[in-house]
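So the structure is just underneath, and the comments pick up after that.
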Amino acid sequence: MASYYNNETIVYLNGEFINATEAKIDLYSQSLHYGYSVFEGIRSYKTVNGKTKIFKEVEHYDRLKRSAEALNMPYHWTSQELIDATYEILKRNNLQDAYIRPVVYAPANMKFDTNEKSFIVIEAWLMQPFLGEKLLRVMTSSFQRPNPKGFKIHAKAAGHYVNSLLASQEAKAQGFDEALLLDINDYVAEAPGANFFYEKDGELFTPALGNILPGITRATILELCAEMNIRVEEKLFAVEELKKADAAFFCGTGAEVIGFESLDNYKFPLNWNESVSRKIQIAYKKLVVEDCSETQRHEDTKKHREVPV
Ligand code: PMP
């Protein structure tokens, strides 16, 4: 088991910086009993010039707010105050390459009604390789992603992740590295904790929004494709289509861009190092460690060009 904290670790809990071992949450919270909380998965990087940068920090904290609102959870924080608190957490824990986990959770309430307040905790720990670097052997899961008519699927809600755990555990029990889940209509959706792209004849394809978490990495890749003149299409497709694909990858904050070796033992024919997907992987890895001024320059050119996303 990875170690996420020790006696020295500081967390941000409802406006205070306190020792992780002293932090308490209510055992009668709806979050613990019903999976009723929302969270983010954010990464910070040591940039090429040695600075600490939280990647896409505004996008992540804005999504946290949207997730809370989607679940009717009161939310009174600004993204900026939480970003400031996160930089402080990194500093106090002496972290640069970190995984950051804010969670908005509910007070004690065993009923199903809405609450008058929410709480927040921000934790950070040293980033460990998530899915690793090697190409993945993936299986199509027997579990579907949650029904968007049963859940607010665009929200990053804790309860949705029981589905993720089941799918990932099933894949690993069968000797695969990870699962690919379909949606309720049997179209390809996403991984338990990442979005999906495939490559065919130098073009990229990714599931359209609707049945997936709108990933910040996915959006970043769409931007990179525009900058790099790589054609990319968002559409619905069946898993059979993948058995004719050249290459495929998962993408997410934790996983970054990680290529497939195979899906259901179908080996992707293109050499990963010669794929367009690999070019995206390299561009993404470069982007995350660029200094903010450099990233800002990209943003400015983008605004100038009005590249559609
Ligand atoms: N789908 C799911 C189910 C996820 O948990 C994640 C990780 N947050 C993603 C996609 C990728 O999202 P992002 O790029 O914003 O990390």
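The values are calculated or read from the model by the stated rules, or taken from the named source; none is laboratory data. Keep in mind it's a predicted model, so treat the numbers as computed, not measured. Note: ideal-geometry Cβ built from the backbone for every residue, glycine included; neighbour counts use all protein chains shown. Quick note on the areas: whole protein, heavy atoms, side chains included, nothing else; ligands and nucleic acids left out. Shrake-Rupley method; radii C 1.70, N 1.55, O 1.52, S 1.80 Å.
Of the heavy-atom accessible surface of the chain (probe 1.4 angstrom), what whole percent is carbon and sulfur?
52 percent
How much accessible area per residue does the stretch 136-306 have, in Å², with a 1.4 Å probe?
44 Å²
How would the stretch 121-215 be classified by its alpha-carbon gyration tensor: rounded, prolate or oblate, with rounded meaning a/c under 1.5 and the a/b versus b/c comparison settling the rest?
On the way: a/c = 1.28, a/b = 1.01, b/c = 1.26.
Judged from the Cα gyration tensor, the stretch 121-215 comes out rounded (a/c under 1.5).
So what J values fall out for the stretch 206-223 if you push phi through Karplus, 6.51 cos²θ - 1.76 cosθ + 1.60 with θ = phi - 60°, rounded to Hz, Gly and Pro as x?
9, x, 5, 5, x, 10, 10, 6, x, x, 6, 5, 4, 5, 5, 5, 4, 5
Let me check against my output: what whole-number percent is the relative contact order of the stretch 10-125, with C-alpha pairs under 8 Å and at least 6 apart?
That works out to 38 percent.
Run the numbers for Glu274 and Ser142: contour at 0.36 nm per residue of separation, minus the present Cα-Cα distance, in nm.
So the extension gain works out to 44.3 nm.
Under a crude label model (7 Å from the Cα following the beta-carbon direction), how far is Leu209 from Phe17 in nanometres?
Going from the Leu209 label point to the Phe17 one covers 3.6 nm.
Using each residue's phi in the stretch 107-116, evaluate 6.51 cos²θ - 1.76 cosθ + 1.60 at θ = phi - 60° and report the 3J(HN,Hα) Karplus result to the nearest Hz, with x for Gly and Pro.
Karplus-based 3J(HN,Hα) across the stretch 107-116 equals x, 4, 5, 8, 8, 9, 7, 6, 10, 8 Hz.
For Glu123, what residues show an amide H to amide H distance below 5 Å, using hydrogens built from the backbone and excluding near sequence neighbours?
Arg101, Val103
For the stretch 10-125, rounded, prolate or oblate, judged on the Cα gyration tensor with a ≥ b ≥ c (square roots of eigenvalues), a/c < 1.5 rounded, else prolate if a/b > b/c? Before the final figure, lay out the partial values.
Numbers: a/c = 2.56, a/b = 1.71, b/c = 1.50.
Prolate.
Among Ala158, Ala189, Val257, whose Cα lies farthest out toward the positive end of the dipole of the stretch 136-306, if unit charges sit on the beta carbon of Lys, Arg (+1) and Asp, Glu (-1)?
Ala158
Which of the aspartates and glutamates could a cross-linker bridge to Lys244, judged by Cα under 16 Å and excluding same-chain residues fewer than eight apart?
By straight Cα distance, Lys244 reaches Glu199, Asp201, Glu203, Glu261, Asp264.
What is the antiparallel percent of DSSP beta bridges lying wholly in the chain, to the nearest 5?
Here the antiparallel bridges make up roughly 80 percent for the chain.
Quote to one decimal, in nm, the extra length available between Asn185 and Asn265 on full extension: 0.36 nm per residue of separation minus the C-alpha distance between them.
Answer, rounded to one decimal: 26.5 nm.
Which angle from 0 to 90°, rounded to the nearest 10, does the C-alpha axis of helix 79-92 make with the longest principal axis of the chain?
Orientation of helix 79-92: about 80 degrees from the principal axis.
Sequence-distant or interchain residues sharing an amide H contact under 5 Å with Thr9, placed H: which?
Ala20
According to a simple spin-label model (label point 7 Å from Cα along Cα-to-Cβ), what is the distance in nm between Glu88 and Lys46?
Taking the simple label geometry, Lys46 and Glu88 are separated by 2.5 nm.
Through the Karplus equation 6.51 cos²θ - 1.76 cosθ + 1.60, θ set to phi - 60°, convert the phi angles of the stretch 185-190 into ³J(HN,Hα) values in whole Hz; use x for Gly and Pro.
For the stretch 185-190, the Karplus-derived couplings read 9, 6, 7, 5, 10, 6 Hz, x marking Gly and Pro.
What angle do you read, to the nearest 10 degrees and between 0 and 90, between the alpha-carbon axis of helix 292-305 and the longest principal axis of the chain?
Roughly 60 degrees, rounded to the nearest 10.
For the stretch 89-110 and the stretch 58-72, what is the centre-to-centre distance using only Cα atoms, to the nearest Å?
Going from one Cα centre to the other spans 15 Å.
Normalised by the residues of the chain, what does the relative contact order come to in percent, with Cα pairs under 8 Å and at least six apart?
The value is 18 percent.
Considering only Cα-Cα distances, which of the following residue pairs are longer than 24 Å: Lys24/Lys111; Lys24/Lys149; Lys172/Lys200; Lys134/Lys267; Lys46/Lys172?
Lys24/Lys149; Lys172/Lys200; Lys46/Lys172
Which percent, to the nearest 5, of DSSP beta bridges fully inside the stretch 136-306 are antiparallel?
Once the DSSP bridges in the stretch 136-306 are tallied, antiparallel ones form about 60 percent.
From the Cα gyration tensor of the stretch 69-156, with a ≥ b ≥ c the square roots of its eigenvalues, which class applies: rounded if a/c is under 1.5, or else prolate if a/b is larger than b/c, or else oblate?
In terms of gyration-tensor shape, oblate.
For the chain, what does the helix formula give at 222 nm: sum of -39500 (n - 2.57) over DSSP H segments with n ≥ 4, over the residue count, nearest 500 deg cm²/dmol?
Theoretical 222 nm ellipticity from helices: -8500 deg cm²/dmol.
If you line up the long axis of helix 161-173 against the longest principal axis of the chain, both from Cα atoms, how many degrees apart are they, to the nearest 10?
Helix 161-173 sits roughly 50 degrees off the main axis of the chain.
Using a basic spin-label model with each label point 7 Å from the Cα along Cα→Cβ, how many nm lie between Tyr28 and Asn229?
Between Tyr28 and Asn229, the label points sit 6.5 nm apart.
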